[in-house]
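A short worksheet on the structure shown next.
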């Protein structure tokens, strides 16, 4: 195991130590104070050594531990410590790398001074309140160099006993001490400047990671003069990303950050679990969509990304972060981008922390359970929602968009489900949360907030989805019956049985006619997709009318002649061939090309079609064939009697790859 020592006096140093340990390296992290020790989490691979060391102690430790590498990640202003670490490495003959924080651009209008003494001299000649953010070490120098220091100066220091003692020794009144641990956002810095009416903000050029950019922006926002203490001359160093690249090259390994995917719940911070808060607090960076970042990570370093792919790209573009929290709305296992994000990061160590789902939250608000609730998401998806409501007594729907709930209720009303009871939860968990209740037909006329959650109750639901619907259920058009062909109910039932549809089947109905088979396919394949291919425009219009009549979002009408109209369609797993204009062979060949395991059922009523399909049996010997001749007779009235009238026989050909054939 590779042994590395990191002098972790900076944020980057702590990130590096934790990242190396998370990837299995034996790491010793050296920090100067007990407070610095609390910022690191010891583990099996990470030991933390707290306390200042003299050069001799450093050398002795290096000789005893026999490190493969020492990384000096101390503060840019800790010049003496850097020289001591380098000297100890040279004496102990240990390789040395300097991790040096990149410099920030000092904005125009800022006052730049070489050291704290020069800063005190400049401020002594001014009037107005001062906010000092340079730490506690140089407080005595500022106190002795600035007249009326106790009245004018407010100091921001770490919440440590040593820092408070330094403030007391410098004569800083208790009401002028701000003891806080960063990072501090621009907004928080600006709020502090305004709260003390500061005319001057004093800071070191500590780099963007050290919060310099946020301080500079806050000073500009509030009109305070930025006084910058420049960096002391120091050895050249490398950025964190460059140090990581060098370590990977030297030790021949790939380093991956520790990733926590965190479910935030409905949105408000109050609904976050303690585990989620802890994961976010310990992360070096938080990744997520803007709304989630605003709720979860005020003041932390963030990377804005809304989709799983964008999140993965952001993570991979920033190897300098040893620990990353990715924040997701709701629950990580409930219509979340978590599953796809994990697929984008196959080699990264990932922990997944669940959150409170909008389903459980809404049901809690309604004082009801949810073990019998079917769940659907319409956020960025299309689903045959009317059929879902017909099939389930209770259904939960995630709805997106400003008109999502209104559109949902309109579809239900147009589908004959206007009387179902609908509960709409808007801005769940926020102070302006609202839950509205009513029938679908009533709510179809109202407006709702985006990303609403909906619970629908349909006491009349029936899960059974039969086959062979009555012919009267379908629109046949205004012309005399027979102008547009329709597969009759009894034949349709047998065809659907032979197709052996699944809930997620992708189907072609070629020569759809009125679309009766297409409609029943779509009803069976509720979570799949059906493409009704029809070359006659009048018939295609009837298919579309029947699609609307049954409210089938998973049925698409394709106008055109097969097989040409099918070439751009997704590969099917089920195909029904009704009218093909004598092109059975070409259509079967295309379907097999797209999916060799496709199951095909063809119906023929003419001798010519039967002959062509019989020839296909020889043309496609790799298929297993079944043929059925179906005779159907229906009763008709003849005076006082009812007689059977036979319909034309229908020949059904079923074909599929033989068992064991790819």
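The values are calculated or read from the model by the stated rules, or taken from the named source; none is laboratory data. Predicted model only: the values in this text are computed from it and were never measured. Neighbour counts are summed over all protein chains in view; Cβ atoms, including those assigned to glycine, are modelled from backbone coordinates with ideal geometry.
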Worksheet item: Any idea which of (1) touching a strand residue (DSSP E or B) at 6+ places or on another chain (Cβ under 7 Å); (2) crowded, with 17+ Cβ neighbours inside 10 Å is the one residue 184 doesn't satisfy?
Response: (1)
Item to complete: Could you list, in sequence order, all residues of region 124-148 that are on the phi > 0 side of the Ramachandran plot and over 46 Å from the mean Cα position of the chain (by Cα)?
Response: 128, 148
Item to complete: Please find, among 502, 437, 487, the residue that is surrounded by 20 or more Cβ atoms within 10 Å (Cβ to Cβ) and at pLDDT 85 or above.
Response: 487
Practice prompt. Could you check region 310-413 for helices (runs of 4 or more DSSP H) lying wholly inside it with 1 or more residues that are surrounded by fewer than 19 Cβ atoms within 10 Å (Cβ to Cβ) and touching a strand residue (DSSP E or B) at 6+ places or on another chain (Cβ under 7 Å)?
Written response: 338-344, 358-365
Discussion item. Please pick out the residue among 85, 71 that is part of a helix (DSSP H, G or I), within 44 Å of the chain's Cα centre (by Cα) and closer than 27 Å to residue 6 by Cα.
Written reply: 85
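Can you say whether residue 50 is farther than 30 Å from residue 347 by Cβ and in contact with a helix residue (DSSP H, G or I) (Cβ under 9 Å, 6 or more places away or on another chain), as far as the supplied structure shows? Explain how you work it out, then say what you get.
Working: farther than 30 Å from residue 347 by Cβ: yes; in contact with a helix residue (DSSP H, G or I) (Cβ under 9 Å, 6 or more places away or on another chain): yes.
Yes: the conditions hold for residue 50.
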Practice prompt. Of all residues in region 23-54, count the ones that are buried (at least 20 other Cβ atoms within 10 Å of the Cβ), touching a strand residue (DSSP E or B) at 6+ places or on another chain (Cβ under 6 Å) and at pLDDT below 90.
Written response: 1
Fill in: Set 49, 66, 79: member being on the phi > 0 side of the Ramachandran plot and not assigned by TED's automatic domain parsing to the domain that holds residue 350
66
Response to the item:
With the first residue restricted to region 78-107 and required to be free of Cβ contacts under 8 Å to residues at least 12 places away in the same chain, and the second required to be surrounded by 15 or more Cβ atoms within 10 Å (Cβ to Cβ), Cβ contacts under 8 Å at 6 or more apart or on different chains are 90/96
Response to the item:
Subset of region 240-266, residues surrounded by fewer than 18 Cβ atoms within 10 Å (Cβ to Cβ) and assigned to a helix (DSSP H, G or I), comes to 241, 242, 245, 246, 248, 249, 250, 251
Worksheet item: Are any of the residues in region 121-144 in contact with a helix residue (DSSP H, G or I) (Cβ under 6 Å, 6 or more places away or on another chain), under 30 Å from residue 238 (Cβ atoms) and touching a residue at least 40 places away in the same chain (Cβ under 8 Å)?
Response: no
Item to complete: Please find, within region 276-309, the residue that is farthest from the chain's Cα centre (by Cα) out of those that are modelled with pLDDT under 90 and assigned to a loop (DSSP other than H, G, I, E, B).
Response: 299
Worksheet entry | Lone qualifier among 530, 557 - being surrounded by fewer than 24 Cβ atoms within 10 Å (Cβ to Cβ), touching a strand residue (DSSP E or B) at 6+ places or on another chain (Cβ under 9 Å), within 28 Å of residue 376 (Cβ to Cβ) and at pLDDT 95 or above | 557
Fill in: Yes/no for residue 578 being in contact with a helix residue (DSSP H, G or I) (Cβ under 9 Å, 6 or more places away or on another chain) and either buried (at least 20 other Cβ atoms within 10 Å of the Cβ) or under 19 Å from residue 486 (Cα atoms) (or both)
yes
Fill in: Cross-chain or 6+ apart pairs with Cβ under 6 Å, region 402-430 first and in contact (Cβ under 8 Å) with a residue 24 or more places away in the chain and in the same structural domain as residue 271 (by TED's automatic domain parsing), then crowded, with 19+ Cβ neighbours inside 10 Å and in a loop (DSSP other than H, G, I, E, B)
none
Discussion item. Looking for something surrounded by 23 or more Cβ atoms within 10 Å (Cβ to Cβ) and over 25 Å from residue 362 (Cβ atoms) - is there at least one such residue anywhere in region 288-302?
Written reply: no
Practice prompt. Could you list all residues from region 1-24 that are touching a residue at least 60 places away in the same chain (Cβ under 8 Å), out of contact with any helix residue (DSSP H, G or I) (no Cβ under 7 Å at 6 or more places or on another chain) and farther than 25 Å from residue 206 by Cα?
Written response: 22, 23
Worksheet item: Among the listed residues 24, 13, which satisfies the condition of being within 31 Å of the chain's Cα centre (by Cα) and assigned to a loop (DSSP other than H, G, I, E, B)?
Response: 24
Worksheet item: Can you tell me which residues in region 168-190 are in a loop (DSSP other than H, G, I, E, B) and either modelled with pLDDT under 90 or farther than 20 Å from residue 151 by Cα (or both)?
Response: 180, 181, 182, 183, 184, 185
